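Right, one structure below, let's go through it.
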2 protein chains.
Amino acid sequence: MLRTHNCGQLNISNLGQSVTLCGWVQKSRDLGGTTFIDVRDRYGLTQLVLNTDTEATLRDKSRSLGREFVIRVSGTVLERTSKNPKMATGDIEIAVTDIDILNESKIPPFLIEDETDGGEELRAKYRYLDLRRNPIRNNLVLRHKMAQEVRRYLSDLDFIEVETPVLIKSTPEGARDFVVPSRMNPGEFYALPQSPQTFKQLLMVSGFDRYFQIVKCFRDEDLRADRQPEFTQIDCEMSFIEQEDILNIFEGMTRHLFNHVKGIQLDDFPRMDYADAMRLYGSDKPDLRFGMEFVEMNGLVKGKNFGVFDNAELVLGINAKGCAEYTRKQLDELTEWLKRPQIGATGLIYCRYQPDGTLKSSVDKFYGEDDLTNWAAAFNAEPGDLILMLAGGTDKVRKQMNELRLEMGSRLGLRDKNKFAPLWVVDFPLLEWDEETSRYHAMHHPFTSPKPEDIDLLDSNPGAVRANAYDLVINGTEIGGGSIRIHDRKLQSLMFKHLGFSPEEAQKQFGFLMDAFEFGAPPHGGIAFGFDRLASIFAGLDSIRDVIAFPKNNSGRDVMIDSPSTIAEAQMAELKIRTVN
Amino acid sequence: MLRTHNCGQLNISNLGQSVTLCGWVQKSRDLGGTTFIDVRDRYGLTQLVLNTDTEATLRDKSRSLGREFVIRVSGTVLERTSKNPKMATGDIEIAVTDIDILNESKIPPFLIEDETDGGEELRAKYRYLDLRRNPIRNNLVLRHKMAQEVRRYLSDLDFIEVETPVLIKSTPEGARDFVVPSRMNPGEFYALPQSPQTFKQLLMVSGFDRYFQIVKCFRDEDLRADRQPEFTQIDCEMSFIEQEDILNIFEGMTRHLFNHVKGIQLDDFPRMDYADAMRLYGSDKPDLRFGMEFVEMNGLVKGKNFGVFDNAELVLGINAKGCAEYTRKQLDELTEWLKRPQIGATGLIYCRYQPDGTLKSSVDKFYGEDDLTNWAAAFNAEPGDLILMLAGGTDKVRKQMNELRLEMGSRLGLRDKNKFAPLWVVDFPLLEWDEETSRYHAMHHPFTSPKPEDIDLLDSNPGAVRANAYDLVINGTEIGGGSIRIHDRKLQSLMFKHLGFSPEEAQKQFGFLMDAFEFGAPPHGGIAFGFDRLASIFAGLDSIRDVIAFPKNNSGRDVMIDSPSTIAEAQMAELKIRTVN
């Protein structure tokens, strides 16, 4: 080794020892005759001290050091006169006897410090420098610990990690596949997996009983802030179980992670029907760090000649506690915010429960004091509260109110990143109607089992069929989702029929799975966690980008390596493909 | 859970308990009034016993069971009258009170037993059934354990597992890339990584210090028996180290695996120069389970008017101990075997040390008793031994003799799969001359550091430059390879120049790495292990295929899912590509 210790290791117990450290020059201060240099590595920071009056060679070398130079220094561990209790090595410094410059550095394009002056694009181009900064590197260390704990927890429960293939078959269901032309089979393509779904089910057919894998998956979708073309799943499957078993085991895994990685003990996770989640929060992933449940107000507001409410399918309200003092201007701004096309509300009705105990609404023309008192009661409102109301079609108004609730939660400081509110959402619909294609799509995926008691509804009322499907939500973010799967060929065929597959198409795409079901497929189910997202929640980040070492930008580009890029004509000729405009 | 226990769990301590098991019907025997059924899962086999005289419902159900039916049975644990000490559950059986058929099975296309009657193709098509067989499943359980132990060993040494991207940039160096057309960047392609080489080096530049990853890699090569288009590497890199540190840490990892997964304590691994490996074994991956080193015989054979030897650049011999009794016919067959185009020898010369102490060669016309006595001495031969000789150009004759040595080792039973002979081969040449392209190629890869003392040879005698590169060989198979890397931009540019890159090409392809070297790159090096191959050696297999859950065949096809396959025109249109004939 080029060093005897790392830069985070030395303390008072090492006094007097001769040591050699390697690392990067963080900063250097020259205080008339004495030079202090902070040398940094992954493990920490150590202060070097040089007497530059007496040692001409050391002085010259130390003066030639710039930020981010890589050095190797030898010296003796001394006790500091002024200690720094914030640093692990803050009690000591190294009296340097020798310095080697292992590599020089140009001036970095941005500060390699916890708070940097580099813009997003510049940091992306020099990602290898951004990764030197503690906050980013710590995210990846955290991610590593999480992966270790996931593997430990699952292995202790007899789960086996099995690698499934990356070069698989393209299927038309779901998001767009990335495809890979096959040179050995000209005209044919592999696809990169959107998930190892069919393979993990086949492993259950094979009797593997308990499978998991931390695995890269791929979706060629238009990218939003929190999406990446390649992402990582904690993918799991079990046989001979029921939904309850999966919820217990993976609630256990999540609690294990919080406990062993963050030192947080979580209570039992609450559970909520999909229907209730939509009714109370307008979302299948409600943020339960705060209440502010929806109140359905149809019974309280209809028939008073206020057209907006009378004509609405649903009138919804929330209680923004302590916001009665909102000015007219603030309320106007909130209304404008709600009218933006992303949300599309037509207007906002409010009712102030004023500190003096009186009630005042924006629709006093139509509703008297008794009405307002009834409203306040429905919300358990108190003086100082502000009731915000939206009206419209059920689905739309729920979505809009969900946005408003989250916004008010944020404004009220109720969405603390250090608070964690997990929730199981269960009893998802099996199918959802897609206006664009005028057909039902699988809400989860085509392999999800309908609830046995709802199978009869498949023909008569497909939208009402509930699935044995569940999502794990933390702080309003979907962290994991899964289902009990179909393990019967006939039922699987029926599902494909309802999803608009002809028997031939179903057989061509998924014949291998349906065939497998005929050779003794066990009852099975599973779950997949979005590992990037889970890590970002653990790290307290809004985006998954900084829990990924080398992420891509919103155009799917890696600006550091400049990829994707053109390839040689000869390469395309070998693959028997060409590009077209 | 649908069961109270698994099929490998119950023993004498469970007597009298009411239990429920789930699993597959392995076999069923009807012995007049009593039916015995073996039910199987991943964990083992349990014997069920039914009194079919008294229980008509159970009798009918048990008669309807076929092989591989999935059942759920309840009953009471009884002590067996005739115990089976070979089975973990051999002391007990279950007196069945209830049977549920969870799923039926068609008759499987081959026997789901340790020895099967299914051919390779059939088993590949029904891989999910082949995976039910104990030997195959056990391979994957072994692989899982190995991966766990690798992660444990490395994490305990402060290595961090970091995921590097799968969608990267195509580079012309090395094997063919698989490419992925980018829909968002029409006309451009990602490539799948042949290894995460440049990314792990960038992580060192980022100060990650110790990195590892168990990661899928991809090579679009023509497939041989032991190659797969996607394969798994244990990929590792360290900073501030020297070659010796890497060898120690990863010898430690290998010993840890043998110890914790196979219970085998290995001695310190021997080390051998590349030059010695070629001289003594004609291979950079000698199988050291047996000796049979080459003896260079030029000094013993030249100048006796035997043209084959006189005209040869090199005459090599090995001592096949105890083979003096080989008949003329056997020797002729061996000669024919050597003359096959794959080996291409022109002839085989031999010398028998006969049991009576006399020496007899196939070239007695040219060499007298004194000569033969000198030969025998050079080989430490004893009565009963057989000296086999080949002559020709140095490189060719070494390769041929390597084949002959391995063949004789196999014939003599010296290549026992339960014996493990590891070896570090060190001091590889930096470059190798490629006749086809008439230029030097990097023997390891372009990022490998030349030995500092050899750098001056780069211009004058590039082929003589040695690298700080090393391979780990076990039983004649390369298991891992690595090198100390270049961390200096100038030296890296020089390397690209010697590999025939123009400065522009080098900058276009690897500019990001060379740029990174200018911002304080630490000295670093690493190694990558072929995980599939390591697992296959642990499993005692000749091929890597059965340590991979879903392997591809020699045409790169997954015959189970029928991939690769054609994709829709619309999909190609979106990607702005088309296929050509």
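Determine the percent antiparallel among the DSSP beta bridges restricted to region A:12-103, to the nearest 5.
Details: 32 of 34 bridges.
Counting only bridges with both partners in region A:12-103, antiparallel ones make up about 95 percent.
Mean per-residue shielding of peptide A:571-581 is 6, counting Cβ atoms of other chains within 10 Å of each Cβ.
Could I get the Rg over Rh figure for region A:12-103? Both from C-alpha atoms, Rh via Kirkwood, rounded to two places. List each step's numbers first, then the result.
Values: Rg = 12.1 Å, Rh = 13.0 Å.
For region A:12-103, the value is 0.93.
Just going by the charge dipole of chain B, with Lys and Arg at +1 and Asp and Glu at -1 on Cβ, which of B:Met253, B:Leu131, B:Ser62 is farthest out on the positive end? Farthest towards the positive end: B:Ser62.
Solvent-accessible surface of region A:444-581, averaged per residue with a 1.4 angstrom probe and all protein chains in place: 36 square angstrom. Remark: label point of B:Gly119 defined 7 Å out from Cα along the Cα-Cβ vector; separations to the same position in other copies 6.6 nm, ascending. Taking the label point 7 Å along Cα→Cβ, A:Glu313 and its counterparts in the other copies are spaced 8.4 nm apart, in ascending order. Each of B:Ala378, B:Gln354, B:Leu338 was placed along the dipole of region B:331-404 (beta-carbon charges, centred on the mean Cα), and the one lying farthest toward the positive end is B:Leu338.
Interface residues of region B:556-570, defined as those with an accessible-area decrease of at least 30 Å² between the chain by itself and the complete set of protein chains (probe 1.4 Å), are B:Arg557, B:Met560, B:Ile561, B:Ser563, B:Pro564, B:Ser565, B:Thr566, B:Ile567. Rounded to the nearest 100, the interface formed by chains B and A buries 11000 square angstrom of accessible surface, both chains summed, with a 1.4 Å probe. In region A:14-45, burial by the other protein chains removes 50 Å² or more of 1.4 Å probe accessible surface, compared with the chain on its own, from A:Trp24, A:Arg42.
Dipole magnitude of the protein assembly as shown about its Cα centre, charges +1 at Lys/Arg Cβ and -1 at Asp/Glu Cβ only, in debye to the nearest 20? List each step's numbers first, then the result.
On the way: 142 positive and 176 negative charges, 5 e Å.
Roughly 20 debye, rounded to the nearest 20.
Sites listed here are GluC sites (Glu not before Pro) in region A:377-441 whose DSSP assignment is loop and whose Cβ has at most 14 other Cβ atoms within 10 Å: A:Glu435, A:Glu436. P(r) of the protein assembly as shown in 10 Å steps, Cα pairs, percent per bin? Bins of 10 Å from zero give 2, 8, 14, 18, 18, 16, 12, 7, 3, 1, 1, 0, 0 percent of pairs.
Ranking of B:Asp370, B:Asp276 by solvent-accessible surface, largest first: B:Asp370, B:Asp276 (1.4 Å probe, protein heavy atoms only, all chains present).
Give the average, rounded to an integer, of partner chain Cβ atoms located within 10 angstrom of each Cβ in A:104-115. Don't jump to the answer; show the numbers that get you there.
Working: counts 6, 5, 4, 1, 2, 1, 0, 0, 4, 0, 0, 0.
Mean number of neighbouring Cβ atoms from other chains: 2.
For chain A, relative contact order (Cα pairs under 8 Å, six or more residues apart, normalised by length) works out to 13 percent. Taking the label point 7 Å along Cα→Cβ, B:Pro341 and its counterparts in the other copies are spaced 6.7 nm apart, in ascending order. What percent antiparallel are the DSSP beta bridges of the protein assembly as shown, to the nearest 5? Antiparallel bridges make up about 95 percent of those DSSP assigns within the protein assembly as shown.
Residues in region B:290-415 average 49 Å² of solvent-accessible surface per residue, probe 1.4 Å, ligands and nucleic acids excluded. Each principal axis of the Cα cloud of region B:290-415 was evaluated for its coordinate range; sorted largest first, these ranges are 35, 32, 26 Å.
If you take every residue apart from A:Arg219 with its C-beta less than 9 Å away from the C-beta of A:Arg219, what net charge results, scoring Lys and Arg +1 and Asp and Glu -1? Could the numbers behind the result be given before it?
Values: positive: A:Arg176, A:Arg227; negative: A:Asp177, A:Asp220, A:Glu221, A:Glu230.
Charge balance near A:Arg219 sits at -2.
Across the accessible surface of the protein assembly as shown, with the other protein chains kept in place and a 1.4 Å probe, carbon and sulfur atoms take up 46 percent. Across region A:275-290, computed HN-Hα scalar couplings (Karplus, 6.51 cos²θ - 1.76 cosθ + 1.60, θ = phi - 60°) run 4, 5, 4, 5, 6, 8, 10, x, 7, 8, 9, x, 8, 9, 5, 8 Hz from first to last residue, x flagging Gly and Pro.
Each Lys and Arg adds +1 at its Cβ and each Asp and Glu adds -1 at its Cβ; summed about the Cα centre, region B:12-103 shows a dipole of about 320 debye. The accessible-area loss of region B:517-540 on complex formation, taken against its chain alone with a 1.4 Å probe, reaches 50 Å² or more at B:Glu518, B:Phe519, B:Gly520.
How large is the dipole of chain B about the Cα centre if only Lys and Arg carry +1 and Asp and Glu carry -1, each at its Cβ, rounded to the nearest 20 debye? Working shown, then result.
Values: 71 positive and 88 negative charges, 331 e Å.
With Lys and Arg at +1 and Asp and Glu at -1, about 1600 debye.
Using the Cβ of B:Lys304 as centre and a radius below 9 Å, the other residues enclosed give a net charge of -1, where K and R count +1 and D and E count -1.
Just need the relative contact order of region A:255-322 here, percent rounded to a whole number, with Cα pairs under 8 Å and 6+ apart. List each step's numbers first, then the result.
Working: 51 pairs, mean separation 14.5, N = 68.
Normalised by residue count, the contact order of region A:255-322 is 21 percent.
Across the options A:Phe510, A:Gln148, A:Ser239, the greatest Cα extent toward the positive end of the charge dipole of chain A (unit charges at beta carbon of Lys, Arg, Asp, Glu) belongs to A:Gln148.
How many Å² of accessible area per residue for region A:119-271, probe 1.4 Å? Can you show the working numbers first?
Values: 4840 Å² over 153 residues.
Each residue of region A:119-271 exposes 32 Å² on average to a 1.4 Å probe.
Determine, at each q value in 0.08, 0.12, 0.13 (inverse angstroms), the log₁₀ of I(q)/I(0) that the Debye formula gives when each Cα of chain A is one equal point scatterer. Results for chain A at q = 0.08, 0.12, 0.13 Å⁻¹ read -0.77, -1.24, -1.32.
The values are calculated or read from the model by the stated rules, or taken from the named source; none is laboratory data. Just so we're clear, the structure is a prediction, and the values are computed from it rather than from any experiment. Cβ coordinates were reconstructed from backbone atoms using ideal geometry, including for glycine residues, and neighbour counts include every protein chain displayed. The accessibility values were calculated without ligands, DNA or RNA, using every heavy atom of the protein model including side chains. Shrake-Rupley method; radii C 1.70, N 1.55, O 1.52, S 1.80 Å.
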